[in-house]
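Undergrad: This is the structure I want to talk about, given as structure tokens.
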Amino acid sequence: MSKVLMKGNEAIAEAAVRSGGLCYFCYPLTPQSEVAEYLAWRMPEVGGAYLQAESEVAVINMVYGAAGAGARAWSTSSSPGISLMMEGLSYIAASELPAVVVNIVRTGPGLGGILPSQGDYNQAVKSGGHGDYHCLVLAPSSVQEAVDLMPLAFDRADRYRNPVIVIGDGLIGQMMEPVEFRPGDFPPLPAKDWATTGCKGRKPNLINSLYLDPVKEEELNQRLCRKYAEMKKNEVRFEGYWTDRPYRVLLVAYGTTARVCKTAIQRLAQQGIQVALLRPISLYPFPEERIYELSKRAEFVMSVEMSCGQMLEDVRLAIGRDKPLYFYGRQGGFVPTPEEVMEQVNLHLSRKGA
């Protein structure tokens, strides 16, 4: 299939349509509004449904209802809009329903600004809603990877009966890159015999997140915990860059920041400084074992982020207390440059040598 030049938000929308995500609910918010604009004309072409709600609170509850009826339901938003969805996401997880939510992250806290950020890492990975639940979290670093991850997100949401978050900074949504739409190759899914499709000829299905009996509530929590353990076993995804050669420094970065780090690594190699990168693709579950293995070969590890260091604590937990760990980040909508990353690497190498 030939490639086509598309803006990230529009490519995500088209990938979702081709993945069967034909029930879409949204409230427009920069920098992800082009998803809704694209689907406003695309959904009627494919027999899908797009409804603009009065708020993100309404959006996530519409996703809840459509998912409960067995539809592949999904939504997109950006940072403060996602915050308004947190209660609903907790309900969806507790009700064991499949849903996909895309967050094109902007700066914060508060209303912040419309420029790119990675400041929603904790919200996504640590589950910003209440209670013991997790979402599977996938983080693309290019428009093509965002397109590739959408069918995976829908498949895993259905397979685990659990919400999946695809998180990309504002650049992923706004940049234009050539993309190719490749169909996902997945095993058949189990039947949705739990869905509320009308109970003629069968017993009624009840979808619920309220358990006043503590025994039943604990049973639910333990079932969810088993599900998340299965995710940790089967859904860890990452990319290693120049990890197959000797290196002195290991960088950990995801999304757009990882692309910046790759350029820095290439330029550092021209100076005779060997650096490698581990890029988490799944932020939950986090590739902690692989980071630990790679960190043993490095003099130190450095986390590079567009935040104040939200991923830093997970990197520290992965590598242990004995390995030196440094951080470099930009906030406010600034993207780290390759030159800045190179300067930080050289700075810490010189201090170590001293």
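Undergrad: Give me the Å³ per residue figure for the convex hull around the C-alpha atoms of the stretch 169-222.
TA: 240 Å³
Undergrad: Sort 224-231, 312-319, 75-82, 327-334 by the packing proxy (mean of other Cβ within 10 Å over each peptide's residues), most packed first.
TA: 75-82, 312-319, 327-334, 224-231
Undergrad: Further question on the same structure: Which three lengths, in whole Å and largest first, does the stretch 259-350 cover when its Cα atoms are put on their principal axes?
TA: 32, 32, 21
Undergrad: Output needed for the chain: three equivalent-ellipsoid semi-axes, defined as square roots of 5 times the C-alpha gyration tensor eigenvalues, in descending order, whole Å.
TA: 36, 23, 18
Undergrad: Can I ask one more? With all distinct Cα pairs included, what does the Kirkwood hydrodynamic radius of the stretch 94-203 come out to in Å, to one decimal, could you say?
TA: Result for the stretch 94-203 stands at 15.8 Å.
Undergrad: To the nearest 0.05, what FRET efficiency results for residue 337 and residue 30 with a Förster distance of 25 Å applied to their C-beta separation?
TA: The calculated FRET efficiency here is 0.55.
Undergrad: Go through 61-73, 158-170, 241-253 and give me the packing order, highest mean Cβ count within 10 Å leading.
TA: 158-170, 61-73, 241-253
Undergrad: A further question on this structure: Rounded to the nearest whole Å³, what is the per residue volume of the convex hull around the Cα atoms of the stretch 1-53?
TA: So the per-residue Cα hull volume is 73 Å³.
Undergrad: At what distance in angstrom do the alpha carbon centres of the stretch 76-101 and the stretch 1-70 lie from each other?
TA: 15 Å
Undergrad: What whole-number value in Å² describes the accessible area per residue of the stretch 1-101 for a 1.4 Å probe?
TA: That works out to 35 Å² for each residue.
Undergrad: How long is the gain from residue 49 to residue 237 if the chain were fully straight, where each residue apart is worth 0.36 nm and the alpha carbon distance is subtracted?
TA: Using 0.36 nm per residue and subtracting the Cα-Cα distance, I get 64.5 nm.
Undergrad: Please state the charge dipole magnitude for the stretch 50-142, taken about the Cα centre, from unit charges on C-beta atoms (+1 on K and R, -1 on D and E), reported in debye and rounded to the nearest 20.
TA: About 200 debye.
Undergrad: Here's another thing I want to ask about it. Using only the alpha-carbon atoms of the stretch 200-246, report the extent along each of the three principal axes, biggest first, to the nearest angstrom.
TA: Rounded to whole Å, the extents work out to 61, 31, 13 Å.
Undergrad: Continuing with the same structure: Step through the table entries 126/232; 232/262; 323/352, compare each Cα-Cα distance with 21 Å, and write down the pairs that go over it.
TA: The answer is 232/262.
Undergrad: From the C-alpha gyration tensor of the stretch 125-169, pull out the three semi-axes of the equivalent ellipsoid (sqrt of 5λ each), sorted largest to smallest, in whole Å.
TA: The answer is 20, 14, 5 Å, longest axis first.
Undergrad: While we're on this one: Using only Cα atoms, find the angle between the long axis of helix 338-353 and the longest principal axis of the chain, and express it within 0 to 90 degrees, rounded to the nearest 10.
TA: So the inclination is approximately 50 degrees.
Undergrad: For the stretch 307-354 and the stretch 211-237, compute the distance between their C-alpha centroids and round to whole Å.
TA: With the stretch 307-354 and the stretch 211-237 each reduced to a Cα centre, they are spaced 34 Å.
Undergrad: If you put +1 on each Lys and Arg Cβ and -1 on each Asp and Glu Cβ, how big is the dipole of the stretch 245-354 around its Cα centre, in Debye rounded to 20?
TA: Dipole of the stretch 245-354, to the nearest 20 debye: 320 debye.
Undergrad: Additional query: So what's Rg/Rh here for the stretch 22-167, counting alpha carbon atoms and using the Kirkwood radius for Rh?
TA: Rg/Rh for the stretch 22-167 comes to 0.93.
The values are calculated or read from the model by the stated rules, or taken from the named source; none is laboratory data. These numbers come from a predicted model, not from an experiment. Neighbour counts run over all protein chains shown; Cβ positions are idealised from the backbone, glycine included. Side chains included, ligands, DNA and RNA excluded: accessible areas come from the protein's heavy atoms. Shrake-Rupley method; radii C 1.70, N 1.55, O 1.52, S 1.80 Å.
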